[in-house]
Amino acid sequence: MISEENKYSLNQRIAGITPHADTNSYFLHSLMNRNHYFLRFDDGVSQTNLSKKEVEKWVELYPSYGEQQKIGSFFKQLDDTIDLHQRKLDLLKEQKKGYLQKMFPKNGEKVPELRFAGFADDWEQRKLKDYVGPVISDGDWIEKEHIHDSGVYRIIQTGNLGLGEFHDKSSSAKYMNEESFNILNANEIFPNDILISRLADPAGRTIILPDTKNKMVTAVDVTIIRPNKLFDSYFFITEMNSTVVLNKIPKVSAEHLIKELAEEI
């Protein structure tokens, strides 16, 4: 929907529609979007090509103009509400970025700029394994023959790991059967485990694993942490997904690789 007149022009790949007086624009806009007629031109593989003639051939049921107005107004209110919440969400994300910069110590410092009342001690440098113990492990090296479209164990992939968020992508999920699990002596993972992606983009992004209602395993490019009672998972994933840590990881990885190569030489 274009909200202002005489503001825009179209290129050759866009069809412009000007509804006549008996058609409510917002109703038509809502009816056309994700309509089964138009979706069949996109197979998800080849380049979609919808011609003007094919648009003109579209046939659909229309109610009276009065009912169109009611339906159009209803969906416009929903879209306006979604836009409002999206702006609020964008503001909250910006606010979170600001807090991440102020509530964790900067490089070379031992205290953050902003703290809760009652806390004044320096932060102490500790190795992760000192907090979580011997419960840090890797995912499994899963070859193609062990990957299926259905099975007992859902394979959690690096693409499911966002910045503190689990991207479900259930429609494209892959699975492992019980036989493959036993052959690989695979490492089962559980809800509330912490998963860290060692692949970009970016490397180091970290989530708390939710309950997917399946048994689960994960790929070799994922590090698994099973936290104990002395370890706050939300604090950890917040720090891991902070700009300071994510920017540090490529440098540390490069230095580690150079050290390994030097030792081999």
Worksheet item: Which ³J(HN,Hα) values in Hz, rounded to whole numbers, follow from the phi angles of the range 9-15 under the Karplus curve 6.51 cos²θ - 1.76 cosθ + 1.60, where θ = phi - 60° and Gly and Pro get x?
Response: 10, 10, 8, 6, 9, 10, 9
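Taking a probe of 1.4 Å, how large is the accessible area per residue of the range 23-90, in Å²?
For the range 23-90, the solvent-accessible area averages 78 Å² per residue.
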Worksheet entry | Estimated FRET transfer efficiency (Lys129, Gln86; beta-carbon r; R0 35 Å; 0.05) | 0.30
Discussion item. Relative contact order for the chain: what percent, with Cα pairs under 8 Å and sequence separation of 6 or more?
Written reply: 16
Item to complete: Once you have the Cα-Cα distance between Lys144 and Thr48, take 0.36 nm times their residue separation minus that, and quote the gain in nm to one decimal.
Response: 31.5 nm
Item to complete: Please give the contour-minus-distance gain from Ala203 to Thr243: 0.36 nm per residue of separation, less the Cα-Cα distance, rounded to one decimal in nm.
Response: 13.2 nm
Fill in: Nearest-ten-degree value, helix 243-264 long axis tilted from longest Cα axis of the chain
50
Worksheet item: Roughly what % antiparallel, to the nearest 5, for the DSSP beta bridges in the chain?
Response: 75
Item to complete: Quick one: angle between helix 65-102 and the longest Cα principal axis of the chain, in degrees between 0 and 90, rounded to 10, please.
Response: 20
Discussion item. Using a 1.4 Å probe on the protein heavy atoms, what percent of the accessible area of the range 90-135 belongs to carbon and sulfur?
Written reply: 54
Worksheet entry | Mean separation of Cα contacts under 8 Å (6+ apart) over length of the range 67-221, as relative contact order % | 21
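Which whole-number percent is the relative contact order of the range 144-265 (Cα, under 8 Å, 6+ apart)?
After rounding, I find 26 percent.
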Worksheet item: What nm value, rounded to one decimal, do you get for the distance between Ser233 and Lys213 when each label is placed 7 Å out toward the C-beta?
Response: 2.0
Worksheet entry | Förster radius 41 Å - calculated FRET efficiency between Leu61 and Asn177, Cβ distance, rounded to 0.05 | 0.35
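The values are calculated or read from the model by the stated rules, or taken from the named source; none is laboratory data. Given the structure is predicted, the values throughout are model-derived calculations rather than measurements. Heads up, the Cβs are rebuilt from the backbone with ideal geometry, glycines too, and the neighbour counts pull from every protein chain shown. These area figures cover heavy atoms from the full protein model, side chains too; ligands, DNA and RNA do not enter into them. Shrake-Rupley method; radii C 1.70, N 1.55, O 1.52, S 1.80 Å.
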